[in-house]
Structures are given as C-alpha cells and as structure tokens.
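Visitor: Structure below; questions to follow.
The values are calculated or read from the model by the stated rules, or taken from the named source; none is laboratory data. Everything quoted here is computed from the prediction, not taken from an experiment. Reconstructed Cβ throughout: ideal geometry from the backbone, glycine too, with neighbour counts over all protein chains shown. SASA here: full protein model, heavy atoms, side chains in, ligands and nucleic acids out. Shrake-Rupley method; radii C 1.70, N 1.55, O 1.52, S 1.80 Å.
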Amino acid sequence: MSSFSFVSLLPILILAVGGIVVLSVDLFFKNAGRNAFATITIAALLMAIAALFYLDFVERSLFDALLIDGLAKASLWVIIGASLLFMPLAFTGMRFLEYQFAEFYALFLFMAAGFAAMVSSDNLIVIVIGLETGSLALYTLISMHRRDKALEAALKYFTMGALAAGLLIFGVMLLYAATGSLEIGKIQSALVTSGFEHTSLIVAASAFIIAGLGFKLSIVPFHTWTPDVYEGSSAPMAGYMSIAPKIAGFAVAIRLFDFLAQSPDRAVYALLYIVAVATLTIGNLLALMQDDVKRMLAFSSISHAGFVMCAFVMGSSEAHAGLFLYWVLFLFTNLGAFAMLWISRHPSKTWDIRFDHPYGKFSGMIKLSPMGAVIMAIFMLSLAGIPPFALFFGKIYLIGEAIASDHLYLALIMLVNSAIAVYYYLKLIVYMFLRDPSDNDGTVYYQNGAVPLKIVLGVAAVMVVTSFFWIEPLLGSLNDLIVAGGY
C-alpha cells in the first residue's frame with residue numbers, strides 16, 4: 001500500500017523551507033545581512049539533524065517514492081552533519097562577496113536538500129532529480145566565488161555534470177528495458193527471478209551508471225575536472241565538494257552495485273575492481289606531481305574515493321560500514337585541512353600569479369606560526385594514515401576487511417598506495433618544519449582568521465586527535481544501520 005509519512009519527509013522539508021525562509025528574510029528585511037542569513041541556515045541544519053532522531057527504520061513515504069532505511073539514515077547524518085560543519089566558515093574575517101548574498105545560503109540549503117532526497121530513495125527517477133537539484137545549486141555556488149577561475153570552474157563542472165547526467169539517465173533507461181522497473185528493490189527481484197538474463201544489457205547499464213556517478217565521485221577516468229574545479233572554488237566549497245556529494249553518490253552506488261556485482265558472469269564485479277584500483281592509484285600518482293597544496297588535496301581526494309570504492313568490491317556489510325566510517329573520519333580531516341587554507345585566504349591578494357597555496361607559502365611556517373604549523377601537520381598526518389590520527393583507523397579497517405574477505409591482492413594494492421600517499425603529505429610537513437621561512441611575517445597564515453573559523457578548526461583537530469576514543473561506538477552504530485538496511 002502506498003504511504004505518505006510526513007515525519008520521514010521532515011529533514012528534506014526543513015532544508016528546503018529553510019532556503020525559502022532565507023530568501024523571504026532578504027525580501028522583507030532590507031537590513032538583514034550575512035549574520036542573519038548564516039544563522040538561519042545553521043538553525044535549519046540543526047532542526048534537520050533533530051528530525052533525524054525521529055526517523056523510523058525502513059519506512060516508506062511520499063507514496064513509496066522515498067525509502068528511509070539504515071543506509072539512508074547513515075548518509076543523511078553525513079550530508080547534513082558536513083553541511084553544518086562547513087557553514088560556519090561563512091563567518092570570515094575578510095569580506096568575501098558571495099557570503100553577503102542571501103542566494104548563497106538559500107542555494108546551500110537547496111543543495112543539501114537535493115543530496116538528502118537522493119540518498120533517501122530507491123526510485124531511480126527520484127535519485128536523478130535529487131542529484132540534479134543538488135548539482136545545479138552547487139554549480140551556482142562555485143561561480144559565486146568572485147575570481148576569474150571560479151566561472152571557468154563552474155562552467156567546466158556544469159559541462160561535465162550535464163554529460164554525467166545524460167550517461168546516468170541512459171544507464172537507468174537500459175535497466176528499465178531489462179527489468180521493467182525503476183525501483184531498485186523491484187529491479188533486484190526481477191533480475192534474481194530471471195537468473196540475471198539480458199546480461200549484456202545489465203553490463204551496459206552498469207557501465208553507463210558507473211560513468212554517470214563516476215563524474216560526481218571523480219573516479220578515474222572521469223576525474224579530469226576535479227583539480228581545476230577545486231582550484232577555482234573557495235576552500236570551504238572545495239572541502240564540502242570532497243565530502244557531501246560523494247557520500248550521496250556512494251550511497252546510490254551501494255544500493256545498485258550490492259546486487260549487480262553478484263551477476264553470474266562477474267563482469268560488473270570486474271568493472272568495479274578495475275575502476276577502484278585505477279582511481280586509487282592514478283589519483284595518488286597525480287598528487288605526487290603537484291606544486292599547490294589545494295590541487296594536491298584535490299588529487300588525493302580522488303585517491304581516497306578509490307580507497308573506499310574497494311568496499312564495493314568486497315561487498316560485505318562490514319565493508320559498507322567501513323566506507324561510512326572512513327568518510328566520517330575523512331570529513332573531519334578534510335574540514336580541518338581546507339579550513340587552514342581558508343584562514344590564509346585574502347579576497348584580493350594571492351600568494352603568486354598561478355597558485356593561492358603553493359608549498360612555498362608554508363615554508364618555515366613552524367617559526368612564523370608554530371600553532372598553525374602543528375595543526376596543519378596533524379591533518380596531513382591523518383590524511384597520510386599515520387597512527388594515532390583519524391584516517392589511520394579507517395585505512396586499517398578497510399584493509400583488514402579486504403584480507404578477511406579473501407581479497408589479498410586488493411589489500412596489497414591499498415597498502416602500497418597508502419605508502420605512496422605518505423610522500424606528498426609529508427612533503428608539506430617538510431616545507432613547514434625543515435625549510436627556511438618565506439618572505440613574509442607570518443600574518444599571511446591568518447589574514448582571513450575569525451573566531452568561528454578558529455572554533456571549526458579546533459573542533460576538527462580535536463576530533464582527528466581523539467578519534468581513538470569514539471571510533472568503536474561510531475562503527476557499532478554504522479554496522480547496525482547498514483545491516484538494518486539489508487546491505
């Protein structure tokens with residue numbers, strides 16, 4: 001029977017209505033400014049998080065178009081939580097024009113609502129609508145950063161996104177042709193009942209869907225837009241892009257490939273294996289060659305996406321829970337790393353003509369800004385997977401799951417790539433701690449500093465350093481959610 005559950009719609013509704021409230025306040029209160037818009041946005045995000053506590057397990061709503069299961073709940077927590085953590089970066093010390101517009105905050109909430117809808121459904125039409133709602137808002141947010149490269153980045157992202165949407169829709173169409181349904185649960189039942197007949201059609205559909213989602217997840221070979229878009233975006237938007245849209249894509253991929261990878265001829269499984277290893281390795285190798293910290297983080301985010309894609313290859317509930325664990329740890333680490341870059345940003349001055357954050361900018365930072373150098377080093381050590389910092393536990397857990405599921409070669413590839421990544425993260429630490437200071441008095445590292453930014457930075461640093469204490473209960477909760485969702 002079709003159902004309409006108002007409670008399960010609440011997180012998405014609150015985000016969408018919050019965006020409308022921001023626009024209304026701007027319309028009726030001419031003196032309202034950045035602080036009012038950002039406060040409303042944060043309040044909407046907090047209310048959406050509160051609504052998550054009232055969601056039941058495995059509940060359908062909106063006439064069965066939405067599905068709130070364990071996977072949806074885990075994804076919603078990451079998406080809305082990431083939005084809440086990145087939003088305070090709007091309270092900058094310097095005046096950045098995009099943060100003065102109400103449209104920025106409204107689009108931010110519409111974007112979060114789109115990604116929230118995307119992960120809260122197993123209907124492929126709703127998933128595509130949610131993906132495009134979030135993506136269109138994100139393109140606009142990137143272009144609002146007043147730099148020459150921002151418009152170029154937004155256009156490049158839009159063009160690639162439009163192509164990705166076409167590929168994804170074509171893959172969905174092929175799945176519909178093979179099974180006669182657009183609901184993932186019914187597609188799975190139809191394929192199991194028919195013994196996975198129409199194999200060539202299913203493999204072709206999987207290839208198109210991997211390509212469509214691959215652009216959003218910046219997996220190889222669909223990753224080429226990533227460094228330029230990260231470079232043209234503001235640091236908060238680049239950091240946010242590395243977390244929220246990707247976990248939305250991962251959630252949809254888990255729903256689809258959890259059963260498609262089990263097809264008898266194993267072609268989809270082989271495809272996932274190749275893409276995961278290529279993304280993990282090529283992202284790493286390209287990160288080695290970068291001269292700018294922001295571009296290095298962009299390429300390394302590709303490699304991290306490849307690392308968690310290995311969970312698709314393993315295909316177990318433990319691996320899927322490990323994916324979410326890894327991404328939560330990555331959230332806090334990347335939040336801190338990009339916040340450090342944002343604090344050093346000036347709206348009109350750049351460090352040099354080509355890059356905002358070249359390695360040379362951080363040369364001798366330990367002598368000019370000891371606290372900043374130590375905090376940045378903590379985030380780099382975590383990204384490198386050095387114990388006892390956060391991402392070490394995510395890496396070791398997923399590698400352990402690869403060994404436990406008898407994927408020994410995959411575990412070896414993950415281990416070797418983790419070793420390679422240490423080089424480019426430690427390279428920044430060498431610049432900060434072992435090189436002589438650059439020609440500056442140290443104020444460049446805090447020229448955009450403000451109390452809210454420092455609080456966000458402090459929260460990220462504390463979570464990265466103390467992860468040892470909260471990983472076990474987090475992993476237990478994630479396991480419960482994933483198992484309850486049937487993945």
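Visitor: Enter the angle in degrees (range 0 to 90, nearest 10) between the Cα long axis of helix 199-217 and the first principal axis of the Cα atoms of the chain, meaning the one along which they spread out most.
Guide: 20
Visitor: Can you list the trypsin sites (Lys or Arg not before Pro) in the range 1-66 that are in a DSSP coil and have 16 or fewer other beta carbons within 10 angstrom?
Guide: Working: sites: Lys30, Arg34, Arg60; in loops: Lys30.
Passing both the DSSP loop test and the Cβ count: Lys30.
Visitor: In addition: Helix 390-404: angle to the longest alpha-carbon principal axis of the chain, degrees 0 to 90, nearest 10?
Guide: 30
Visitor: How many Å² of accessible area per residue for the chain, probe 1.4 Å?
Guide: Values: 17680 Å² over 487 residues.
Ligands and nucleic acids excluded, the figure is 36 Å² per residue.
Visitor: Another question, if that's okay. Return the subset of Lys30/Lys73; Lys156/Lys361; Lys216/Lys395; Lys427/Lys454; Lys30/Lys294 for which the Cα-Cα distance in this structure is over 31 Å, preserving the input order. Write out the running numbers ahead of the final one.
Guide: Values: Lys30/Lys73 38 Å; Lys156/Lys361 28 Å; Lys216/Lys395 23 Å; Lys427/Lys454 25 Å; Lys30/Lys294 37 Å.
Pairs exceeding 31 Å: Lys30/Lys73; Lys30/Lys294.
Visitor: How many angstrom separate the Cα center of the range 354-432 from the Cα center of the range 463-487?
Guide: What the calculation gives is 22 Å, centre to centre.
Visitor: Obtain the radius of gyration and the Kirkwood radius of the chain from its C-alpha atoms and give Rg over Rh.
Guide: Working: Rg = 21.7 Å, Rh = 22.6 Å.
Ratio of gyration radius to Kirkwood radius for the chain: 0.96.
Visitor: Under the rule of -39500 (n - 2.57) per DSSP H run of 4 or more residues, summed and divided by the residues of the chain, what mean residue ellipticity at 222 nm is obtained, to the nearest 500 deg cm²/dmol?
Guide: Values: 20 runs with 354 residues, N = 487.
Computed ellipticity for the chain at 222 nm equals -24500 deg cm²/dmol.
Visitor: With a ≥ b ≥ c the root eigenvalues of the C-alpha gyration tensor of the range 303-381, is it rounded (a/c under 1.5), prolate (a/b larger than b/c) or oblate? List each step's numbers first, then the result.
Guide: Numbers: a/c = 3.25, a/b = 2.33, b/c = 1.39.
Prolate shape, in that a/c is at least 1.5 and a/b is the bigger ratio.
Visitor: With a ≥ b ≥ c taken as the square roots of the eigenvalues of the C-alpha gyration tensor of the range 144-298, please select rounded if a/c is under 1.5 and otherwise prolate if a/b is larger than b/c or oblate if it is not? Show your work: numbers first, answer last.
Guide: Numbers: a/c = 2.86, a/b = 2.01, b/c = 1.42.
Prolate shape, in that a/c is at least 1.5 and a/b is the bigger ratio.
Visitor: Identify the trypsin sites (Lys or Arg not before Pro) of the range 111-190 meeting these criteria: DSSP loop state and at most 14 other C-beta atoms within 10 Å of the C-beta.
Guide: Values: sites: Arg146, Arg147, Lys149, Lys156, Lys186; in loops: Arg146, Arg147.
Taking the range 111-190 and a limit of 14 other Cβ atoms within 10 Å, the loop trypsin sites (Lys or Arg not before Pro) found are Arg146.
Visitor: Then there's this: Using a 1.4 Å probe and ignoring any ligands, DNA or RNA, find the accessible area of Leu285 and quote it in Å² to the nearest 10.
Guide: Solvent-accessible area, nearest 10 Å²: 80 Å².
Visitor: In addition: Under the Karplus relation 6.51 cos²θ - 1.76 cosθ + 1.60, θ = phi - 60°, what is the ordered set of whole-Hz ³J(HN,Hα) values for the range 299-306, x standing for Gly and Pro?
Guide: Per-residue couplings from phi come out as 5, 5, 5, 4, 5, 5, 4, x Hz.
Visitor: Okay, next question. For the range 92-114 and the range 20-65, what is the separation of their C-alpha centers, rounded to whole Å?
Guide: 14
Visitor: Rounding to the nearest 10 and keeping the result within 0 to 90°, find how far the Cα-based axis of helix 34-52 lies from the longest principal axis of the chain.
Guide: Approximately 30 degrees, to the nearest ten.
Visitor: On the protein heavy atoms, probe 1.4 angstrom, tell me the percent of accessible surface of the chain carried by carbon and sulfur. Let's see the in-between values first.
Guide: Working: 12290 of 17680 Å².
The C+S portion of the solvent-accessible surface of the chain is 70 percent.
Visitor: Given the range 106-196, what whole percent of its Cα pairs are spread farther than 17 Å?
Guide: Numbers: 2364 of 4095 pairs.
Tail of P(r) above 17 Å: 58 percent of Cα pairs.
Visitor: Could you order peptides 369-378, 201-210 by the average number of other Cβ atoms within 10 Å of their residues, highest first? Display every interim value, and only then the final one.
Guide: On the way: 369-378: 18.9, 201-210: 20.8.
Answer by packing, highest mean first, reads 201-210, 369-378.
Visitor: For a quick check of your reading of the filter: which trypsin sites (Lys or Arg not before Pro) in the range 347-407 sit in a DSSP loop and have no more than 16 other Cβ atoms within 10 Å? Can you show the working numbers first?
Guide: Working: sites: Lys349, Arg354, Lys361, Lys367, Lys395; in loops: Lys349, Arg354.
Of the trypsin sites (Lys or Arg not before Pro), the ones in loops of the range 347-407 whose Cβ has at most 16 other Cβ atoms within 10 Å are Lys349, Arg354.
Visitor: Still on this structure: Work out the charge dipole of the chain with +1 on the Cβ of Lys and Arg and -1 on the Cβ of Asp and Glu about the Cα centre, then indicate which of Phe115, Ser5, Leu434 is farthest towards its positive end.
Guide: Farthest along the dipole direction, towards plus: Leu434.
Visitor: If you average the sequence gap of Cα pairs under 8 Å that are 6 or more apart and divide by the length of the chain, what percent do you get for the contact order? Spell out each step's value before the answer.
Guide: On the way: 815 pairs, mean separation 79.4, N = 487.
Value for the chain: 16 percent.
Visitor: Just how far, in whole angstrom, is the range 264-323 from the range 119-133 if you go by their alpha carbon centroids?
Guide: Taking the Cα centre of each part, the range 119-133 and the range 264-323 sit 23 Å apart.
Visitor: Moving on. Report the one residue of Ile219, Gly458, Ser75 whose Cα lies farthest in the direction of the positive end of the charge dipole of the chain (charges on C-beta: Lys and Arg +1, Asp and Glu -1; origin at the Cα centre).
Guide: Gly458
Visitor: Pull out a ≥ b ≥ c, the square roots of the eigenvalues of the alpha-carbon gyration tensor of the range 217-285, then state rounded if a/c is under 1.5, prolate if not and a/b is larger than b/c, and oblate in the remaining case.
Guide: Numbers: a/c = 3.80, a/b = 1.81, b/c = 2.10.
In terms of gyration-tensor shape, oblate.
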